[in-house]
Each structure stands twice: as structure tokens, then as C-alpha cells.
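My questions will all concern the structure given below.
The values are calculated or read from the model by the stated rules, or taken from the named source; none is laboratory data. Computed from a predicted model, the values in this text were never measured in an experiment. All Cβ positions, even for glycine, are placed from backbone atoms using ideal geometry, and neighbour counts span all protein chains on display. Ligands, DNA and RNA are excluded from the accessible area calculation, which covers all protein heavy atoms including side chains. Shrake-Rupley method; radii C 1.70, N 1.55, O 1.52, S 1.80 Å.
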Amino acid sequence: MVKIGILGVGTVGASVANILEDNADIIEARAGKKILVKSGVVKNLSKDRAVSIKLSDDPMDVINDPEIDIVVELMGGVEEPYALVKKALENGKAVVTANKALLAYHRYELQEIAGDIPLMYEASTAGGIPIIGALRNGLSANHIDSIQGIMNGTCNYMLTKMINEGAQYDAILKEAQELGYAEADPTFDVGGFDASHKLLILASIAYGIDAKPEDILIEGIENITQTDVAFAKEFGYEIKLLGIAKKVDEGIELRVHATMIPESSMIAKVDGVMNAVTVVGDRVGETMYYGPGAGGDATASAVIADIIDIVRGNQGPMLGYKKGLESGLKLLSKDEIETQYYLRLEVTDESGVLAKITSSLGEFGISIESMLQKPTEDDRIAKLLFTTHLCKERKMQNAITALGKLDVVQGKIAMMRIEK
Ligand code: HSE
């Protein structure tokens, strides 16, 4: 018999306890032992919980319980769970966590502390999709050329509604919150931070890159308008918030941002709250993983898979490598990223304006791929929409600053990156 203690018995914790009970027969068949939840820890004992396990409000009741073999951390946050997970590992207990923020900041310290004690985290990234297992095990013979993923269900839900139904940003965010998709603070979702935590975890397994969210380019979906949506449709693109890890000659690009992608690509067809991750390996080619990125049972499915793996004795290093991985590759700075761009500007609608804009872009060596002019309600102002050929981020940012200073340009210039 293996005994579990759960730190944080909210929606996912309750699902873990219930699935372990409801599916006990197949879980025992697969793990080779009975698995029992001995106790759980919650902040507020007076709140009603949909579980029948013993509850306490002191995490040490789990962490110091000699009968508990595996601690499941589902609390959220960073420093408090870090201290508790550390203590659990020091007490010799295996740990399963679904906490992406904890891992985005402390995965390397935790790997060090864990040593040979299992610390698993399948549920931290893309919820029920077994993407950590795919990268750690299934694709381990490959150099990873790229990872591209829809890793935040809230953003994907909002973008799908904005594109397919013309929904307005604020109304659709409120709906996503009411449906329970969004984080407690939805800026984590719409600002791209939640996706960045997941991308950093995947990048560690693929490339051994030790980066924190502050080190990479993170942008959200807050500035997307119906003008951008209409342009994307006209030019055959979908708009998705993507987490991207890419191996290029000079190193590894890591970035999260709203992205125009060809509407014919597989990932463009992933709608609503669903997540999907595409991984390209040098030997396997392109692979894709699709499924629910959040939700009690879906996330618990991944948590329990980790528990079963630990009980079976399938371990291996936490981040999937035992010594320096891809050690020649460094994280590229934000400035060095190279991609195609979409630009939206409002300009004075008079002769010579287009020439001024295009010559300014030309001065920065930025080559235009396509262009569209749209009237606005104000007949003195026109919207100019461009896509560019490949160019470095630094050049683009400098060009945007220069364009913004032209007297014919009105208001803020919007930019989105394009991946083909
Ligand atoms: N808020 C997250 C999302 C939940 O929308 O995908 C899972 O991390």
C-alpha cells in the first residue's frame, strides 16, 4: 500500500482523491500496489470540500507524517510551496506537483534537492496532455528543433470567440472567468505569463535551458483588435497565443506572444479552451499533442499518472537529463529573435504618407511582404497594415520607435509576430 498526502484540496485535489477511489482497480493493476489518500491540507477548514479524506490546515501534518510516501502539491504560489516541497524531499518523500510557477522559478534547485527521490510534474504543463512524458521519454532520442504550443486555454478561448464570433475583449474575458478557465488574477493568462511558465518547463527538458520568466520575451493578447482579426482572415492567418522554443544557428529562442499562423496549419485548428503542443524532433519529425489544458479531472489524470509512475519505480532525472544537455546552445536575447511581423498604424490620409512610412522601414532594412490600407470613420485618418519579411526584433523595435515619431503617424503602433 502506498499512501498519499495532498497539499491543497481544491478542484484538482478533490479530483485526485475521487479518481484514486473511483478507478482504484485499474490504478492498482497498473501501479502494482494499492494507492490510498491518507490526508489533505487546506487553508480554510470550514469550507465544504467534495472529498471524504481527513483534512488539516497544517502542511506539516502531511510533510512530517512517516506513513506518507508521496506528497502531492496543488497549492499554487511560488515560495510557500517551494519551502514545503523542499522539506518533503528532505524528509525522503516523493513529490508530485502541478505547480508551473514553482517550477518556472525553482526547477533547477528542486532537481538538485531531489537527487534520486522522484519529483514529477506532468500536470504543470498543458494539464491533461502528457507532454512532459513525451519530451522526457518518448522523444528522448531526438535533438529538439522546435516546440510551439497553445498553452493557455483562457487566451485560446478568448481568441476563438473574438475571431469566430466577433466578441469584444472585455466581455469575453469576463465569460472566461465565469467559466473558471482563468487564473485568480487573469493578467497571468492574458499577459502570457502562465504560458511562459509552461514554456520554460518544456525548454528545460528539451534544451537544458535555465531561464526565468524575466529572461524571455512575454507578451499577451491585450492589444488585439477586430482590425487585426479582419486582416488575419483576409491574409489567411489565425491568431493564437503561442509559446515558442526554437533552435536556431546562434542558440535558442524562447518567447510567448500573440502570433499570426497560417490557417491551414494543424495548430491553427485548435479552438476554444483546448491546448495543443507541436514538437519537432530531428529524427521523428513533427509530432503534435492535443487535449484539455485545465480542469479538475483532466489535471488530476496527469497527477495520478505521475503517482503511478513513482509507484512502479519509473524514475530518472527530474528534467530528463543526467549531464549537460545541448551545452553549446545559449538563450538568445529578446533583440536577437528573428521572425516576420505584422504592423498596424493609423496615419494622416494624405499624399506622400505611404512613401514616408515605407522609406522609414526601408532605412532599417525591413522588407515589406504585403500591405493593406483601410479607411476609418474619420476620413482624415487611414489604417495601414503591413506584413514584413524576416527581420530581427531589435530592428523592428527601432523602426517602430522611429515611425512613432513621424508627424503623419497617429497614436500607438500595434505589432504582432508571424510564424509560418
Ligand atoms: N489558466 C490556465 C489556462 C489554467 O487558462 O490555461 C491552466 O494552467
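Answer yes if at least one residue in region 329-341 is more than 16 Å from the ligand (Cβ to nearest atom), small (Gly, Ala, Ser), at pLDDT 95 or above and in contact with a helix residue (DSSP H, G or I) (Cβ under 7 Å, 6 or more places away or on another chain), and no otherwise.
Checked against the condition, which is being more than 16 Å from the ligand (Cβ to nearest atom), small (Gly, Ala, Ser), at pLDDT 95 or above and in contact with a helix residue (DSSP H, G or I) (Cβ under 7 Å, 6 or more places away or on another chain), region 329-341 yields no hits at all.
How about region 205-237: which of its residues are open to solvent by 60 Å² or more (accessible area, probe 1.4 Å) and more than 16 Å from Glu165 (Cβ to Cβ)?
Asp210, Lys212, Glu214, Asp215, Glu219, Glu222, Asn223, Glu234, Phe235
All but one of (1) farther than 30 Å from Ala268 by Cα; (2) in contact with a helix residue (DSSP H, G or I) (Cβ under 9 Å, 6 or more places away or on another chain); (3) in a strand (DSSP E or B) hold for Leu403; which doesn't?
Of (1) farther than 30 Å from Ala268 by Cα; (2) in contact with a helix residue (DSSP H, G or I) (Cβ under 9 Å, 6 or more places away or on another chain); (3) in a strand (DSSP E or B), only one is false for Leu403: (3).
Would you mind stating whether Tyr321 is in contact (Cβ under 8 Å) with a residue 12 or more places away in the chain, aromatic (Phe, Trp, Tyr) and not in a loop (DSSP other than H, G, I, E, B)?
No; evaluated as a whole, the condition is false for this residue.
Let me ask another. Looking at region 318-326, can you tell me whether even one residue there is under 24 Å from Ile252 (Cβ atoms), of a type in the set (Gly, Ala, Ser) and exposed (fewer than 15 other Cβ atoms within 10 Å of the Cβ)?
yes
Among the helices (runs of 4 or more DSSP H) contained in region 1-120, which hold 1 or more residues that are under 22 Å from Ser204 (Cβ atoms) and of a type in the set (Phe, Trp, Tyr)?
Where helices (runs of 4 or more DSSP H) fall fully within region 1-120 and carry at least 1 residues being under 22 Å from Ser204 (Cβ atoms) and of a type in the set (Phe, Trp, Tyr), they are 79-90, 100-114.
Ok, one more. Mind checking which pairs have a first residue in region 145-162 that is under 11 Å from Asp189 (Cα atoms) and a second that is polar (S, T, N, Q) and near the ligand (Cβ under 10 Å from one of its atoms), Cβ under 8 Å, 6 or more apart or different chains?
Note: pairs meeting the criteria are Met151/Thr125; Met151/Asn275; Asn152/Asn275; Gly153/Asn275; Asn156/Asn275.
Are any of the residues in region 301-312 assigned to a strand (DSSP E or B), within 13 Å of the ligand (Cβ to nearest atom) and either modelled with pLDDT of 95 or more or assigned by TED's automatic domain parsing to the domain that holds Gly115 (or both)?
no
A further question on this structure: Tell me which residues, restricted to region 238-284, are open to solvent by 20 Å² or more (accessible area, probe 1.4 Å), under 27 Å from Met371 (Cα atoms) and part of a strand (DSSP E or B).
Passing the criteria: Glu238, Pro262.
Here is a follow-up. Mind checking whether some residue in region 239-247 is of a type in the set (Lys, Arg) and within 16 Å of the ligand (Cβ to nearest atom)?
The answer is yes, given that some residue of region 239-247 is of a type in the set (Lys, Arg) and within 16 Å of the ligand (Cβ to nearest atom).
For region 264-300, name all the residues that are assigned by TED's automatic domain parsing to the domain that holds Glu183, among the acidic types (Asp, Glu) and in contact (Cβ under 8 Å) with a residue 40 or more places away in the chain.
Answer for region 264-300, where residues must be assigned by TED's automatic domain parsing to the domain that holds Glu183, among the acidic types (Asp, Glu) and in contact (Cβ under 8 Å) with a residue 40 or more places away in the chain: Asp271, Asp282.
Is there any pair linking a residue in region 164-179 that is on the phi > 0 side of the Ramachandran plot and of a type outside the set (Ser, Thr, Tyr) to one that is away from the ligand (no atom under 13 Å from the Cβ) and in a helix (DSSP H, G or I), with Cβ under 7 Å and at least six apart or on different chains, and which?
Listed pairs, sorted by first residue: Gly166/Gln226.
Tally up the residues in region 160-174 that are more than 12 Å from the ligand (Cβ to nearest atom) and surrounded by 15 or more Cβ atoms within 10 Å (Cβ to Cβ), please.
Result for region 160-174: 7.
From the list Ala414, Ala402, exactly one residue is under 19 Å from Asp228 (Cβ atoms) and of a type in the set (A, V, I, L, M). Which is it?
Step by step, each of Ala414, Ala402 is checked, and only Ala414 is under 19 Å from Asp228 (Cβ atoms) and of a type in the set (A, V, I, L, M).
What residue, among those in region 106-122 that are among the aliphatic types (A, V, I, L, M) and either touching a Pro at 6+ places or on another chain (Cβ under 7 Å) or open to solvent by less than 10 Å² (accessible area, probe 1.4 Å) (or both), is farthest from Met288 (Cα to Cα)?
Ala114
Still on this structure, I have one more. Please enumerate the residues belonging to region 137-157 that are open to solvent by 30 Å² or more (accessible area, probe 1.4 Å) and part of a helix (DSSP H, G or I).
Selection gives Asn137, Gly138.
I would also like to ask the following. Tell me whether region 370-383 contains one or more residues that are open to solvent by less than 10 Å² (accessible area, probe 1.4 Å) and in a strand (DSSP E or B).
Scanning region 370-383, I find at least one residue that is open to solvent by less than 10 Å² (accessible area, probe 1.4 Å) and in a strand (DSSP E or B), so the answer is yes.
Then there is this: Of the residues that make up region 332-344, is at least one farther than 30 Å from Ile400 by Cα, outside the structural domain of Leu20 (by TED's automatic domain parsing) and open to solvent by 40 Å² or more (accessible area, probe 1.4 Å)?
No, the conditions are met nowhere in region 332-344.
Within region 16-50, which residues are buried (at least 24 other Cβ atoms within 10 Å of the Cβ) and of a type outside the set (A, V, I, L, M, F, W, C)?
Passing the criteria: only Gly40.
With the structure loaded, tell me whether Glu178 is more than 13 Å from the ligand (Cβ to nearest atom) and within 13 Å of the chain's Cα centre (by Cα) or whether it fails that test.
Considered against the rule, which asks whether it is more than 13 Å from the ligand (Cβ to nearest atom) and within 13 Å of the chain's Cα centre (by Cα), Glu178 comes out as no.
Name the helices (runs of 4 or more DSSP H) wholly within region 161-230 that hold at least 2 residues that are closer than 23 Å to Val277 by Cβ?
187-190, 193-207
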